[in-house]
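To keep things clear, I will list the structure first and then write my remarks on it.
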Amino acid sequence: MNPTGTKVSAFSLASIKAKKELEAQQQHLQKYNEELPSETFNETDMLLLWNKFAQKMTDSGKRLLATYMQMNDPTLNGTTITLELPNQSTREEFLTGCNELLGYLRGKLHNHDITIEVVVNETVENKYAFTPQEKFERLKQLNPNLDLLRKTFDLDV
């Protein structure tokens, strides 16, 4: 279809004109994309803005997106920000609201090459310690010297 809304034959002069107009528009967009800033930034700057945006979402009532953003710290690889989420449904919900985040990060970091990649890791599970023995085992994993302290002072768990 041409700009007037009527169908145009692929072999007509109008289709050639429409094709040239489309190519001109695409070249204009390509020139525009080349003019966008692409300054370098580090992971610390990105994390600071990431957390600031999550707080902004919480304050504006979009707590679900903020919760997904704060589940794990994102990692930076070049200009790709990778966030790990626990399942496919949270991934899809995050991606529906992430355009505003992407625009915010691109603007604040002055880099329009930034992309966000979401990885699903369903094996991540929270282990809760309920009994004193489970709590001690969990703390012992974090600091093996705790067992030495327990043995030295002959402490019960």
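The values are calculated or read from the model by the stated rules, or taken from the named source; none is laboratory data. The model shown is predicted, which means the values in this text are computed figures rather than measured ones. Cβ: placed from backbone, ideal geometry, glycine included. Neighbour counts: every protein chain shown. These area figures cover heavy atoms from the full protein model, side chains too; ligands, DNA and RNA do not enter into them. Shrake-Rupley method; radii C 1.70, N 1.55, O 1.52, S 1.80 Å.
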Give the residue, chosen from Phe11, Phe41, that is outside any helix (DSSP H, G or I), modelled with pLDDT under 90 and either surrounded by 14 or more Cβ atoms within 10 Å (Cβ to Cβ) or touching a Gly at 6+ places or on another chain (Cβ under 8 Å) (or both).
-> Phe41
Subset of the range 99-118, residues in contact (Cβ under 8 Å) with a residue 60 or more places away in the chain and in a loop (DSSP other than H, G, I, E, B), comes to His110, His112, Asp113
Might you check whether a residue that is farther than 30 Å from Val157 by Cβ and open to solvent by less than 70 Å² (accessible area, probe 1.4 Å) occurs anywhere in the range 120-128?
-> yes
Check on Leu36, touching a residue at least 12 places away in the same chain (Cβ under 8 Å) and surrounded by 14 or more Cβ atoms within 10 Å (Cβ to Cβ) | no
Pairs with Cβ under 8 Å, 6+ apart, first in the range 47-70 and more than 26 Å from Gln88 (Cβ to Cβ), second part of a helix (DSSP H, G or I) | Leu49/Tyr104; Leu49/Leu105; Leu49/Lys108; Leu49/Leu109; Gln55/Ala66
Tell me, which residue of the range 47-76 that is of a type in the set (D, E, K, R) and part of a helix (DSSP H, G or I) is modelled with the lowest pLDDT?
-> Arg63
Hey, can you tell me all the residues within the range 37-73 that are touching a strand residue (DSSP E or B) at 6+ places or on another chain (Cβ under 9 Å) and within 16 Å of Gly97 (Cα to Cα)?
-> Trp50, Tyr68, Met69, Met71
A careful count of residues in the range 77-98 that are outside any helix (DSSP H, G or I) and over 18 Å from Asn42 (Cβ atoms) gives 4
